[in-house]
Amino acid sequence: MTMKTVFEKTAGLTDTQTHYCPGCTHGIIHRMVGEVLEEMGILEDTVGVASVGCSVLSYEYFNCDMTQAAHGRAPAVATGIKRVLPDRFVFTYQGDGDLASIGIAEAVHAAARGENITVIFVNNAIYGMTGGQMAPTTLVGQKTATTPFGRNASIQGLPIRVSEMLSTLDGTAYIERVSSHDVPNILKAKKAIRKAFETQKQGLGFSMVEVLSSCPTNWGLDPNESLDWIKDNMVPAYPLGVYKDVQKGDVR
Amino acid sequence: MGKVLMKGNEVIAEAAVHAGCKYFFGYPITPQSELVAYMARRLPEVGGLFLQAESEVAAINMVYGAAGTGVRVMTSSSSPGFSLKQEGISYLVGAELPALIVNVMRGGPGLGNIQPAQSDYFQVTKGGGHGDYHTPVLAPSTLQEIIDLTEAAFDIADRYRTPVILLGDGMLGQMMEPVEFKELKEREPEQKEWATTGTRGDGKPRVITSLELNADALEKRNEHLQKKFALIQQNEVRYETYETEDAEYIVTAYGTAARIAMNAINKARKDGLKIGMIRPITLWPFPELPFVETRDRVKGFLSVEMSAGQMVEDVRLAVEGKAPVSFFGRTGGVVPTQEEIYDQIIKLAGGVVV
């Protein structure tokens with residue numbers, strides 16, 4: 001009987017075992033980014049920027065040159081790289097605490113400048129690495145270590161919808177929000193990531209894919225419940241879809 | 001090329017261009033804004049790139065990204081802005097990335113004012129940011145010297161893979177003097193095998209990071225950094241001495257304060273007083289040797305600073321109690337006058353000159 005390979009690890013990822021918690025979708029998102037880089041044949045022309053937070057060690061997982069940035073500063077670091085090496089692919093991989101809180105200025109201005117970089121924005125509505133504190137994306141009513149009674153809009157304010165906000169800037173070329181809670185959505189997410197890198201390839205400007213993801217450990221849910229929680233709670237608060245596509249003149 | 005009359009801030013910028021720097025990321029702040037403006041105009045002429053960042057924090061992180069690709073890159077700021085860059089400087093040290101950071105100091109603390117001061121000495125020489133580190137600090141006292149030290153700063157940065165600070169003050173930044181540049185030559189950019197430029201067929205991906213979760217491994221990295229700092233201390237000390245051979249008293253000062261103190265010393269010499277000077281050019285590594293060589297035979301040292309007394313601590317360490325060390329300083333952007341320093345010298349020498 002001859003064996004046929006029907007599935008294998010992407011060359012876009014190293015053999016290093018990831019440290020992510022069981023049920024966390026960082027692994028899936030890593031894999032999608034790695035597959036896109038491999039399929040586009042751009043791994044050797046890519047410099048990735050890791051952030052601070054759960055994905056801080058992503059420089060050990062992506063099989064391309066990587067730089068680790070200070071908390072929130074990844075878009076500025078990526079700007080420095082891309083401005084020196086405009087013909088390389090530069091992406092950042094950032095969580096919501098990193099991008100939407102401490103690094104919101106760097107994200108907004110990189111987008112406003114139309115930096116020709118791709119941001120992979122992983123939104124799990126909580127700080128994971130530091131132990132489950134409130135993020136700017138934490139939902140109203142959501143319990144976290146620093147909103148033990150649930151996020152109260154009158155005290156902690158309202159969540160930031162990053163895709164909606166950045167899509168209002170003229171410098172952004174492609175922005176889509178996707179989810180990682182089931183297979184159809186994962187397939188859509190991969191397409192979006194590909195589209196974002198294609199946007200960079202064409203030099204159109206800032207591209208970002210926001211991926212809704214899970215945090216079973218800090219949400220206090222099992223992996224399956226976490227996926228349902230994304231679908232039932234996050235998707236209604238953070239509607240999926242293309243928010244900006246300059247090629248289509250599509251602005252939601 | 002002949003002499004040209006230029007402003008200090010612009011001399012730093014042109015000197016950087018001469019040193020092969022083609023990338024500048026900055027943010028305006030007085031009294032160094034001419035440097036930013038000069039680069040905005042000048043870098044495109046040499047095929048380089050100027051980018052105005054949204055903040056000092058972003059600027060230093062853009063420098064971090066660009067430095068990781070192996071090019072000569074810089075940023076500049078003044079005291080409050082320099083404070084904001086400390087996060088990035090700590091990361092540059094941790095990730096071992098070369099870059100030039102210029103600090104044209106002004107009066108503080110807080111927003112302070114825009115007058116010249118030297119009150120960031122502690123911050124630039126003792127680390128400044130978090131962690132256990134030093135950055136080489138070069139402090140010119142004339143505009144011509146800026147040209148040499150800017151190039152030296154880039155060389156030290158590349159040689160040791162470290163950020164280097166060029167330290168001036170509002171006086172040096174704003175004053176004009178005739179300076180002479182060498183002819184501008186196209187430099188071959190240095191190939192740096194550690195740079196993250198995309199692997200491009202040359203094997204294993206490279207990583208730039210300051211993260212080391214394992215305590216033993218981080219200690220090893222820190223030991224490596226400390227060895228590097230020791231090497232810099234061994235090889236890169238710079239200073240100038242003036243009439244110290246027969247000096248009974250030695251004035252020590254750097255940058256603008258040294259220029260003014262020099263005039264006071266010359267006047268004191270004319271009046272028959274045996275006064276010399278030690279001018280540290282590198283503030284870290286601090287030049288201990290000229291103090292060690294003179295401390296057993298002089299009657300005292302006087303540290304003159306545009307601060308409440310910062311370098312004087314390093315002077316005391318170098319003198320090790322072998323001679324009295326006194327201090328004179330003005331703060332808040334007040335520049336000490338030649339007369340004031342002269343009076344301090346007279347006071348120190350314990351006499352009245354008729």
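The values are calculated or read from the model by the stated rules, or taken from the named source; none is laboratory data. Small disclaimer: the values here were computed from a predicted structure and weren't measured. Note: ideal-geometry Cβ built from the backbone for every residue, glycine included; neighbour counts use all protein chains shown. Just so you know, the surface numbers come from the protein's heavy atoms only, side chains and all, with ligands and any DNA or RNA stripped out. Shrake-Rupley method; radii C 1.70, N 1.55, O 1.52, S 1.80 Å.
Quick look at the values:
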| quantity | calculated |
| --- | --- |
| A/B buried area, accessible surface, summed, 1.4 Å probe, Å² | 2600 |
| Added length on full extension, which subtracts the Cα-Cα distance from 0.36 nm per residue, B:Gln233 to B:Asp343 | 36.1 nm |
| Under 11 Å, Cβ to Cβ, from B:Pro136 - net charge with Lys/Arg +1 and Asp/Glu -1 | +1 |
| Trypsin sites (Lys or Arg not before Pro) lying in DSSP loop within segment A:1-79, provided at most 15 other Cβ fall within 10 Å | A:Lys4, A:Lys9 |
| Only Lys, Arg (+1) and Asp, Glu (-1) charged, at Cβ; the protein assembly as shown dipole about Cα centre in debye | 640 |
| Positive-end residue, segment A:129-218 charge dipole about Cα centroid, Cβ charges, pick of A:Asn152, A:Gly203, A:Thr168 | A:Gly203 |
| Net +/- balance of residues flanking A:Thr138 in space, Cβ distance below 13 Å, scoring K and R +1, D and E -1 | +2 |
| For segment B:144-281, size of Cβ-based charge dipole, Lys and Arg +1, Asp and Glu -1, in debye | 320 |
| Nearest-ten-degree value, helix B:255-270 long axis tilted from longest Cα axis of chain B | 20 |
| Value at 222 nm in deg cm²/dmol, rounded to 500, when DSSP H runs of n ≥ 4 in chain B each add -39,500 (n - 2.57) | -12500 deg cm²/dmol |
| Nearest-ten-degree value, helix B:143-160 long axis tilted from longest Cα axis of chain B | 50 |
| For segment A:1-52: rounded, prolate or oblate by the Cα gyration tensor [a/c cutoff 1.5] | oblate |
| Residue with peak Gaussian network fluctuation, chain B [Cα springs, cutoff 10 Å], from B:Val11, B:Val315, B:Val207 | B:Val207 |
| Charge context of A:Pro216, other residues only, Cβ under 10 angstrom, K/R +1, D/E -1 | -2 |
| B:Thr30/A:Leu187 FRET efficiency (R0 41 Å; Cβ-Cβ; nearest 0.05) | 0.15 |
| Mean Cα-pair separation over length for segment A:104-252, i.e. relative contact order, pairs under 8 Å, 6 or more apart, % | 29 |
| Percent carbon-and-sulfur accessible area, the protein assembly as shown, ignoring ligands, DNA and RNA, probe 1.4 Å | 53 |
| Nitroxide proxy distance, nm - points 7 Å out along Cα→Cβ at B:Arg187 and A:Ile155 | 5.6 |
| Full-extension gain in nm, B:Gln226 to B:Lys3, via 0.36 nm per residue minus C-alpha separation | 76.1 nm |
| In range of the label at B:Asn266: residues from segment B:237-252 whose backbone nitrogen is under 20 Å from the point 7 Å along Cα→Cβ | B:240-252 |
| Accessible area per residue, Å², segment A:1-127 with all protein chains present, probe 1.4 Å | 33 |
| Sites A:Gln202 and A:Asn233 - FRET efficiency at Förster radius 41 Å, r taken between beta-carbons, to 0.05 | 0.70 |
| Point-to-point label distance, A:Lys9-A:Thr168, nm (Cα→Cβ direction, 7 Å offset) | 4.5 |
| 29 Å tail of the calculated P(r), chain A, as % of Cα pairs | 24 |
| GluC sites (Glu not before Pro) within segment B:226-297: DSSP coil, no more than 11 neighbouring Cβ in 10 Å | B:Glu245 |
| Relative contact order (percent, whole number), chain B, Cα cutoff 8 Å, 6+ residue spacing | 18 |
| Distance in nm between pseudo-label sites at B:Lys204 and B:Glu177 (7 Å out along the Cβ direction from Cα) | 4.9 |
| Cut-off 14 Å (backbone N to label point 7 Å along Cα→Cβ of B:Asp155), residues of segment B:4-32 | B:19-20 |
| Helix B:8-18 vs. chain B, principal-axis angle (Cα, 0 to 90°, nearest 10) | 40 |
| Prolate/oblate/rounded call for segment A:128-191, Cα gyration tensor, a/c under 1.5 rounded | oblate |
| Shape of segment A:121-252, Cα gyration tensor, a/c cut at 1.5 | prolate |
| Accessible surface ranking that places the most exposed of B:Tyr121, B:Tyr242 first, with a 1.4 angstrom probe | B:Tyr242, B:Tyr121 |
